[in-house]
Every structure is written in C-alpha cells, then in structure tokens.
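As structure tokens, the structure follows; a few thoughts come after it.
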Amino acid sequence: MKNKEIELNFSKIIEQYSDNLKNELKELWNGFKIDLSIKEQFEVIGGIIARQITITTHFASNSNIWTGDLAPIILRSLADNYINLAWILESPKDRAQKFILHGLGQEKLMVEHRKNQMISDGLNPDEDELIKFSEQWINSQRYTFLTDVNLGSWSGLSTREMAQQANCMDFCNFVYQPFSTAAHNMWNHVAKYNLRTSDNVLHKLLKVPVISEITSHLDYLDLAAKYTDKCFWIYYKKFPNDKERKSSYNILKEQLKELEKEINNKNGSA
Amino acid sequence: MSKKILEDHKKEGKRLRPPLTTIGNFVDLSWVDYIIPDVIWITLLRDKFGDKLGTELVNEFIVISTKHESAKFRNYALISSFETLPSQNKTEIFNDLKKKGIVSPMLSGLSDFLDMYPKCPLNFIRPNDYSTKVIDVKFLLRYKEILWDLIDKRSKKSTFTIANVVYSMFVLDRLKIVKDSPMTQFPKIQEYPDTEISRMIASSLRASINAFYNVEMFDKDNSTWAKEFWNRGIEIEACKL
C-alpha cells in the first residue's frame, strides 16, 4: 500500500472519529433532562466534556504532537479534566457551582492584575478592550463586586484528594501524576527527553542538551481517545440510560486495526 | 492487602526520607565525583605493572608516605591527602622513595597521567618537572578505557583498586575486622567475580571505601583535586554541541 493511500485512509478515520465524538456529545446533551433551576450543572458537565472532545480532536488532527515531549502535556490536561468531571459528578449541583464561582473569581483577579499593570504603565484601564470584555463576561454571570476570589484550589482539595473521593486514584497515580512531569517541565522529564549523556568518559557522564526529532507515536492518540471515552463512561455510570452507546473510541480502534491489517496484507503481497 | 507505598521511609513534613539518610550524619559521597580522582593512580599502576607488582608498588608508596605524614591522620592511598601536605613532608617522602628505588617505576606508570594533570598533587614525585606537557594520544585512548571501567564500581578494575586501598590499611594496621566478616578471606578477592566469596568480599569493599575517604576534605570542600581532575578532562576534550 502506497504511503499516500495510507495517509488518506488514516485522515478519513480521524475525520470520522471527530464526527463520531460530536455525535456522542449531541446524544449526551440531547439526553439531558435539563432543569434550568440548576442549569449550572448541565453547563459545567457539558462544557467539560466538550472541552475534552475539543482537545482530543485537535490532538488527533496533528500527528506531529504525538511525541514524548508534547503529548504528555495534552494528556495531562485531559486527565485533569476527567478527574474534575468525575468529582463533580459525585455531587453535581453544588460542585458545578463551586467550579463556576472559582473560575469567575480567577477571571476577576486577572482583570485586577491587568488594571494595575496598565495604571503602572500610565495607561487608562477603562479604555482596554480586554478588560471590558472580561468584566462583561463576569457580570453576565455574577456582578464582579459580588464575586469572591478564591486563592486556593477550586474544589478546596488537591487533585489527588479529588481523585480519591471520585474513586479514580489509579488514574491519578498512573496517568495524571506521570504526565505532570512533562506539564511542569520537571527534571525527570527534561533529563530523559532533552538531555543525553556524553559518550566521552572525560566528561564525567555530563548530560548534554538535545533537541529531539519529531517522532510520532500512535499510542498517544489511543490514550487521548481513551481518556475522552472515560468521560462518557463516567457520565453514563452516574446517569445511566437504556440506550446502547456507540463508543467513538471503540470504532476508532476497530478502524485502525482494519487499516493495519490492510497495510500488512498489501505489504505482504507486494 | 497492598503494601503502603514507601512505608519504611520517615516522613518529615512533606518529605519522605529513606532510612539510610536518617541514621547519624549521612554524607553523600559519590564514587565517580570524589573517589575515582583519588584512586586512579592505583589503577594506572596496576594496569602498567600487573596485579602483583602493581599492588607492591602502590603499598610501598602508601607506607612511605604514611611514615612522613604531618599531624593529622590521612589516608595516603588517596591523592587528595597530598594536597595539604607541607612541602617539607613531600620532600622527605620523595627522598625515601628515591632511596627505595621506587621513583622510577612510579614515573614509568604515572608520567603520562601527570602530563595530563599538571596540577595533580602527586607531581611532587617529579620535582625537576621534566615533563613534556604534551598529551600522548595512545595513552589517552588507553586512559579513557580504564576510566570507563572505573565508572562502573562493580567492575574488576574498580574492585581491585578498592581492594588495594583496603589492603594498604591492613598493612598499616589501621583496619580491624570482625571474625565473621567475609573480609577475613580477603585474599580470595583475586577470584572476583567468579566465586561467591569473592563477590561477598567485593560487596564489603564497596560498602566500606567511603569510610576511608578523608571526610574533613569533603565536608569543608577542602579538596580541589576532585574538581581539578574532572574539569581538566573537559579542558582536554571539550564538550560542545
């Protein structure tokens, strides 16, 4: 099978995967029995899942970032998002509120910092479009002068504690934590990916900086798709319905397996 | 029931400390950083003259040096011990070495090394400084092979080098061992790594070598030799991107 043909077939699979995810979100949202008296709950759940899908579909469309250097940053964000969702779903009404209020407070804080900086720079914050937009955005949900700013975590807990309460400690230990090393550019990522040991013994095993080549691994796409699928899984676990769910992740896996078979068959017979 | 993670570690605030680091005054002493620079001369002499003659030469040098030590006890198997030795003592050592006919074989085994490391404290054994200061390329290749071997603390070269240091302590009657220790069969180290007893002895040697380091040199960062040794390496062959 020629490379161009493989590329084309692969792109089609990714495109279909994105479409399937959008359809899954539609099904989920349309399946909501929306109670507008607690609309925040639906907004937050819908928003978090939409965020998960957005990140994953963008990620899926860019194989150049399926690398050990970049993919973990994205995957860690997906893991964080999942843990948030899992914890919120344990008590959606008040936890969704907490999530929103914290975000509004953070936005308010950013606006204040920006105003301060502009004044220091001799500029008029009242004329700044970004400040105007942000304040309008906050005020459309809660007046800024009535909005708390919480300097701690949004849930009042660490991600670890949230994972514990949401019964996904393994996910925290084996996904969130390890990928945090890349997200935070820690030594145990930098030393493995961005340094190599000098092969000259006179250099006392000095680690020398390297800029890695782009080497894409399909495994990272699989992980992103898996963590997105988990969001649907956890939602339907909490709010089951009698409809049979068609998992976009499972379809993706089947199609990739088929493609692999085709490639092997055609290469074998070439 | 699953084991608690790192349950043997001691919790101090947000830090989990391994048991060994909580016993007494733990000193983090790296074999590569500090001890290799100090014992490389032993490895070179053994490489030049073989195990038997090399060992004899090394011991002779250590015994003579110890005889002329200044007030503080130092381990003269280690090059850094000579850093702060007064010139007078060095002269006495040199004269004694000359009398015993040891200078010549020492220079034969160490000249190329001393050419590479003009600031090495052992340079007192060639007071007339007749070195060419040109690095012998053939020697450099061999030297790097030896150094790679030494980087691995479990290699034969490393083991026999450490054994030499410890043996000199026995000769000077500065080391006592308990009767059940594998070290009572010390001569069997020659069988390393082919027999179990030799591996046990080697293990004891590796565990004890740090104890022979002149800790006050390390604590007060008094030793410039270790720094000089490695920085000289990168001077000889730069590390460039």
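The values are calculated or read from the model by the stated rules, or taken from the named source; none is laboratory data. Note that the structure is predicted; figures quoted are calculated from it, not measured. Positions of Cβ are generated from backbone atoms using ideal geometry, with glycine treated the same way; all protein chains shown enter the neighbour counts. Please note that ligands, DNA and RNA were not included when accessible areas were found on the heavy atoms of the full protein model with its side chains. Shrake-Rupley method; radii C 1.70, N 1.55, O 1.52, S 1.80 Å.
Residue-by-condition table, conditions (1) under 30 Å from A:Ala224 (Cβ atoms); (2) more than 26 Å from the chain's Cα centre (by Cα); (3) at pLDDT 95 or above; (4) open to solvent by 80 Å² or more (accessible area, probe 1.4 Å):
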{"residue": "A:Met118", "(1), (2), (3), (4)": "no, yes, yes, no"}
{"residue": "A:Asn124", "(1), (2), (3), (4)": "no, yes, yes, no"}
{"residue": "A:Ile131", "(1), (2), (3), (4)": "no, yes, yes, no"}
{"residue": "A:Ser134", "(1), (2), (3), (4)": "no, no, yes, no"}
{"residue": "A:Ile138", "(1), (2), (3), (4)": "no, no, yes, no"}
{"residue": "A:Thr144", "(1), (2), (3), (4)": "no, yes, no, no"}
{"residue": "A:Ser158", "(1), (2), (3), (4)": "yes, no, yes, no"}
{"residue": "A:Ala166", "(1), (2), (3), (4)": "yes, no, yes, no"}
{"residue": "A:Met186", "(1), (2), (3), (4)": "yes, no, yes, yes"}
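Please give the number of the condition B:Val103 fails out of (1) aliphatic (A, V, I, L, M); (2) surrounded by 19 or more Cβ atoms within 10 Å (Cβ to Cβ); (3) within 24 Å of B:Phe229 (Cα to Cα).
All conditions pass for B:Val103, except number (2).
Mind counting the residues in segment A:188-204 that are over 27 Å from A:Ile73 (Cβ atoms) and either more than 7 Å from every other protein chain (Cβ to nearest Cβ) or open to solvent by less than 40 Å² (accessible area, probe 1.4 Å) (or both)?
Adding up the residues that qualify gives 6.
Taking into account only those residues within segment B:8-22 that are under 30 Å from B:Phe229 (Cβ atoms) and open to solvent by 50 Å² or more (accessible area, probe 1.4 Å), which is modelled with the highest pLDDT?
The qualifying residue modelled with the highest pLDDT is B:Pro18.
Where in segment B:119-212 are there helices (runs of 4 or more DSSP H), lying fully within it, with 3 or more residues that are within 14 Å of chain A (Cβ to nearest Cβ)?
B:137-151
Scanning segment B:225-234 for residues that are free of Cβ contacts under 8 Å to residues at least 24 places away in the same chain and in contact with a helix residue (DSSP H, G or I) (Cβ under 9 Å, 6 or more places away or on another chain), which turns out nearest to the other protein chains (Cβ to nearest Cβ)?
Filtering first and then ranking leaves B:Gly233.
Yes or no, residue by residue, for (1) outside any loop (DSSP other than H, G, I, E, B); (2) open to solvent by 60 Å² or more (accessible area, probe 1.4 Å):
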| site | (1), (2) |
| --- | --- |
| B:Gly24 | no, yes |
| B:Pro37 | yes, no |
| B:Thr91 | yes, yes |
| B:Leu110 | yes, no |
| B:Leu114 | yes, no |
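For segment B:43-89, give me the residue count where each residue is over 13 Å from the mean Cα position of the chain (by Cα) and small (Gly, Ala, Ser).
Total meeting the criteria: 6.
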